[in-house]
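The values are calculated or read from the model by the stated rules, or taken from the named source; none is laboratory data. Note that the structure is a prediction, hence the values are computed from the model and not measured. Methodologically, a virtual Cβ is constructed for each residue, glycine included, from the backbone with ideal geometry; neighbour enumeration extends over all protein chains shown. Just so you know, the surface numbers come from the protein's heavy atoms only, side chains and all, with ligands and any DNA or RNA stripped out. Shrake-Rupley method; radii C 1.70, N 1.55, O 1.52, S 1.80 Å.
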Amino acid sequence: MWCQRLAWLLRRQRGSAGCRWPWLPRDPGPVLAAPVSCHTTAPASPSCAWQLHRDHLELRYGSTVMRLDFVWLRDHCRSASCYNAKTNQRSLDTASVDLAIQPRAVRVDETTLFLTWPDGHVTRYGLEWLVRNSYEGQKQQVMHPRILWNAEIYRQAQVPSVDCRSFLETDEGLKEFLQSFLLYGIAFVENVTPTKEDTKILAERISIIRETIYGRMWYFTSDFSRGDTAYTKLALDRHTDTTYFQEPCGIQVFHCLKHEGTGGRTLLVDGFHAAEQVLRQAPEHFELLAKVPLKHEYVENVGGCHNHMIGVGPVLNVYPWNNELYLIRYNNYDRAVFNTVPHDVVRRWYHAHRALTTELRRPDNELWVKLKPGKALFVDNWRVLHGREAFTGYRQLCGCYLTRDDVLNTARLLGLQA
């Protein structure tokens, strides 16, 4: 048993400095009391042992070793006087907690940690809750489960489109749509009446429509009405939209209302899949793309429209505790002057950017879709890049941007992890 082995080690290592686990680094600071004893739970429970240090509690539960600061433990108390369980809000004034606080007593049973503070207040934590919410536990968690894909993976998955009536009128249809969207970053709704008004109704089923410089619902043909390449018949390389916003739009909706001509297929590429390949092949490139901030800008002086927007951020945005990618900001059209790093970083960044671009442009990563009237496409603009092949004839497209928080909220209310 792990606990028996630990007890044997403790007996051998106990001394004036207290006991120490052989697999833990030596703590340079003084411990809370000397000698300090390590404590274990009963052999029948999951492996659990703990040790007090000057400013934190070191707790091993199962395979997770947690280092929990005393201030953190006091601040997160879930007692009735510290936390309102009805509103899920903290009642404790964090600024009132003594930053040098230490527990007066500590006890651990098979499932719960008990801490008694100098004023007599008792804090209780479930050990499972601590694992889930500790830094060490979070490093092992995935915030947003996803299925990374190239064209073949997506086709083999045979992800179904959702019928418009089911999407609008049933929770089952909406949940099926959102599950596909969360996993793959794209989802389709079929049999939509090909009008801007019906597309608006569709979008508002899952979110408030985000107001931007383009209005709420955008509608365009190839008339170059906004001084942007998107308003032409030219091909568009893969990119994410609104990189020049401080917070790029989260979801984009496309609905082709009419096309009398040829070409115009939509290109979709899973940017997270491409980034994952870079991480595996050249992690130093991934790290650089996640750290170097870039400026993107949109300059418009056409008719009565005058805009100069600037957004700043790295190409790859990751959660720092587990390196999970949550946003890709990639648009070579709108990237501004690259002047945010010194000379010795510039060339290394270009190598990293080239590695990512190579992955994004691999033919097997390209999913080509012909949008037709009645088929609406929802794209996760923080993950999936889109583009377009050149086209001929008359083509009408409408769409909008959705607020990401509202889409994720809708998914959570239906029981999905988002």
**Request:** Starting from the Cα-Cα distance between residue 196 and residue 143, subtract it from 0.36 nm times their residue separation and give me the gain in nm to one decimal.
**Result:** 15.6 nm
**Asked** So what is the 222 nm mean residue ellipticity for the chain from helices alone, if each DSSP H run of at least 4 adds -39500 (n - 2.57) and you divide by all residues, rounding to the nearest 500 deg cm²/dmol?
**Response** -7500 deg cm²/dmol
**Message:** Rounded to the nearest 20 debye, what is the charge dipole size of the chain about its Cα centre when +1 sits on each Lys and Arg Cβ and -1 on each Asp and Glu Cβ?
**Reply:** 980
**Asked** Distance in nm between label sites at residue 213 and residue 260, each 7 Å beyond Cα in the beta-carbon direction?
**Response** 3.3
**Prompt:** In a GNM of the chain with a 10 Å cut-off on Cα contacts, which of 318, 106, 299 has the highest mean-square fluctuation?
**Reply:** 106
**Message:** Rounded to the nearest 5, what % of DSSP beta bridges with both residues in the chain are antiparallel?
**Reply:** 95
**Request:** Quote to one decimal, in nm, the extra length available between residue 344 and residue 84 on full extension: 0.36 nm per residue of separation minus the C-alpha distance between them.
**Result:** 88.4 nm
**Item:** From phi via Karplus (6.51, -1.76, 1.60), per-residue ³J(HN,Hα) for the range 114-124 in Hz, x at Gly/Pro
**Value:** 10, 10, 9, 8, x, 8, x, 5, 10, 10, 10
**Prompt:** Accessible area of residue 308, 1.4 Å probe, to the nearest 10 Å²?
**Reply:** 120
**Request:** Give, rounded to the nearest 20 debye, the magnitude of the charge dipole that the range 221-350 has about its Cα centre when Lys and Arg contribute +1 at Cβ and Asp and Glu contribute -1 at Cβ.
**Result:** 180
**Item:** Candidates 339, 317, 88: whichever shows maximal mean-square fluctuation once the chain is modelled as a Gaussian network with Cα springs under 10 Å
**Value:** 88
**Pairs from 295/372; 86/175; 200/258; 258/295; 196/370 whose Cα-Cα separation, in the structure shown, is over 24 Å** = 295/372; 86/175; 258/295
**Item:** the range 48-133, relative contact order in percent, only Cα pairs under 8 angstrom and at least six apart counted
**Value:** 21
**Asked** With r defined as the distance between the Cβ atoms of residue 69 and residue 409 and R0 fixed at 30 Å, what FRET efficiency is calculated, to the nearest 0.05?
**Response** 0.45
**Prompt:** So who's got an amide H within less than 5 Å of the one on residue 149, skipping anything under 5 residues away but keeping other chains? H placed 1.01 Å off N, in plane.
**Reply:** 273
**Request:** Would you check the accessible area of residue 284, probe 1.4 Å, heavy atoms only, in square angstrom rounded to 10?
**Result:** 110
**Largest-first ordering by accessible area, 1.4 Å probe, given options 217, 309, 143** = 143, 309, 217
**Item:** Reachable aspartates and glutamates, given that their alpha-carbon falls under 19 Å from the alpha-carbon of residue 139 and they are not under 8 places away in the same chain
**Value:** 58, 69, 128, 276, 287, 324
**Message:** Heavy atoms only, 1.4 Å probe, whole protein assembly: order 350, 330 by accessible area, highest first.
**Reply:** 350, 330
**Candidates 285, 144, 53, ranked by Gaussian network fluctuation over the chain, Cα under 10 Å, top entry** = 53
**Prompt:** residue 246 to residue 111: FRET efficiency via 1/(1 + (r/R0)^6), r the Cβ-Cβ distance, R0 41 Å, to the nearest 0.05?
**Reply:** 0.40
**Asked** Binned at 10 Å from 0, what are the whole-percent values of the Cα-Cα distance distribution for the range 151-414, short to long?
**Response** 7, 29, 37, 22, 5, 0
